[in-house]
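Encoded as structure tokens, the structure appears first; notes follow it.
We did not get these values from a lab; they are worked out from the coordinates using the rules stated. Note that the structure is predicted; figures quoted are calculated from it, not measured. Glycine gets a Cβ as well: all are built from the backbone with ideal geometry, and neighbour counts include every protein chain shown.
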Amino acid sequence: MHIAKKIGLALGVLILAAVVIVYGGSEWIIRSGHAVPLEEITLPKDAASIAEGGRIAKILGCRGCHNDNAEGSVWPDPPWFVATVAAPGIARKIATYSDAEVLRLIRHGIRKDGSAVFIMPAGSLQHVSDDDAAKVIAWLRTVQPTTKDVTRATSYGPLGRLGMLTGQFTPNYVIGKVAPKQRPADLGRYYYDTVCSECHNINETKVAPGGGMTTPALNQMATAYSPEAFRKLMRTGVGMSGRDLGLMREVAVDSGSALTDAEITALQEYLKGEGARK
């Protein structure tokens, strides 16, 4: 019995030490600051630009994650022991942010205090042009807080925190600037960079963020689909097989539905052309 108590005590100490290491190490990662300089930005004030900002925010997925009216949402997955993802109500979140700080948050994944986000797709949003970013922020400034706003913060469970220490779950931020000043004429490439590249490669399969799901090469899809079928896919997430495409369906309804026919055509032609140059 005496030996059993010692063994139990030793195991308890080891478990406590593991908890302290996992929690302390992951908390250091969560709170770490990142030096990304602020860029001043001038927001448009005309109604057409603000409305376009709302459309671009939909295409980029902002309104898919934070709810269409920007009041925020708590995701039903992953399970709590990985993380509880709470996309906050935007108006309350950015109330204390300057326009330059909102731009840095969107395009670099860096919060006001310098810490990095984990969920926002900075890898693709870094490509958003200065003029489109200004329109999006101008639209965000029109959003008003509501009593339904999500105010809770994203929290991380034991598996999520362990994933941070093992490199499986990393902060999603970028340092350098690659965004153009104006929305480029090559809309196909622009929308691939700002939207599709988060989950897809052009010429090869890709493991989507979070792991576990492999996404197809986009040039194969673009080549296989007629223009009509590709527009349907982009706006509804319904492919030629008719099966439920899960996340693609959600993204199409939340984001792709805001794309114009010309933008979808440009995207398809760009993807087909890139595949031909492989």
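When the chain is fully extended, how far beyond the present Cα-Cα distance does residue 49 get from residue 228, taking 0.36 nm per residue of separation?
61.5 nm
R0 = 45 Å: FRET efficiency of residue 168 with residue 6, Cβ-based, nearest 0.05?
Efficiency for this residue pair is about 0.80.
Any idea what the relative contact order of the stretch 1-183 is, in percent, if you count C-alpha pairs under 8 Å spaced at least 6 apart?
31
In whole Hz, what ³J(HN,Hα) sequence does the stretch 144-152 give by Karplus (6.51, -1.76, 1.60; θ = phi - 60°), x for Gly and Pro?
9, x, 10, 6, 8, 4, 6, 10, 6
Within the stretch 40-106, report the GluC sites (Glu not before Pro) that DSSP leaves as loop and that have at most 12 other Cβ atoms within 10 Å.
For GluC sites (Glu not before Pro) across the stretch 40-106 that sit outside H, G, I, E and B with at most 12 neighbouring Cβ atoms in 10 Å, the list reads 40.
Pick out, from 127, 11, 115, the residue whose Cα sits farthest towards the positive end of the charge dipole of the chain, with +1 on the Cβ of Lys and Arg and -1 on the Cβ of Asp and Glu.
Looking along the dipole axis, the top candidate is 11.
With label points built 7 Å along Cα→Cβ from the Cα atoms of residue 262 and residue 186, find their separation and express it in nm.
Rounded to a tenth, the inter-label distance reads 1.9 nm.
Note down the nm distance, to one decimal, between modelled labels 7 Å out along Cα→Cβ at residue 19 and at residue 220.
4.7
Suppose we look only past 17 Å in the calculated P(r) of the stretch 34-103. What percent of the Cα-Cα pairs does that tail hold?
The answer is 59 percent, as a whole percent.
With the crude spin-label approximation of a point 7 Å out along Cα→Cβ, what separation in nm comes out for residue 74 versus residue 148?
Taking the two extended label points, one gets 1.6 nm.
Output ³J(HN,Hα) for the stretch 157-163: one whole-Hz value per residue in order, computed from phi by the Karplus curve 6.51 cos²θ - 1.76 cosθ + 1.60 with θ = phi - 60°, and x for Gly and Pro.
Values, residue by residue: x, x, 5, x, 5, 5, x Hz.
Going by amide H atoms built from the backbone, whose H comes under 5 Å of the H on residue 83, apart from near neighbours?
157
With a sphere of radius 11 Å drawn around the Cβ of residue 140, what net charge do the other residues whose Cβ falls strictly inside it have (Lys, Arg +1; Asp, Glu -1)?
Here the count lands on +3.
Could you state the principal axis extents of the C-alpha atoms in the stretch 61-181, from the largest down, to the nearest angstrom?
40, 37, 23 Å, listed from the longest principal axis down.
Could you pull out the longest piece of the chain with no exposed loop chymotrypsin sites (Phe, Trp or Tyr not before Pro) in it, calling a site exposed if DSSP puts it outside H, G, I, E, B and it has at most 16 other Cβ atoms within 10 Å?
98-278
Subtract the Cα-Cα distance of residue 203 and residue 38 from 0.36 nm times their separation in residues, and report this length gain in nm to one decimal.
55.9 nm
Please report the equivalent ellipsoid semi-axes of the chain, computed as sqrt(5 x eigenvalue) of the Cα gyration tensor, largest first, in whole Å.
The equivalent ellipsoid of the chain has semi-axes of 37, 25, 17 Å.
How big is the dipole moment of the stretch 1-183 about its Cα centre under a simple scheme where the beta carbon of each Lys and Arg is +1, that of each Asp and Glu is -1, and everything else is neutral? Debye, nearest 20, please.
420
Hey, what number do you get for the chain at 222 nm if only DSSP H runs of n ≥ 4 count, each worth -39500 (n - 2.57), divided across all residues, to the nearest 500?
-14500 deg cm²/dmol
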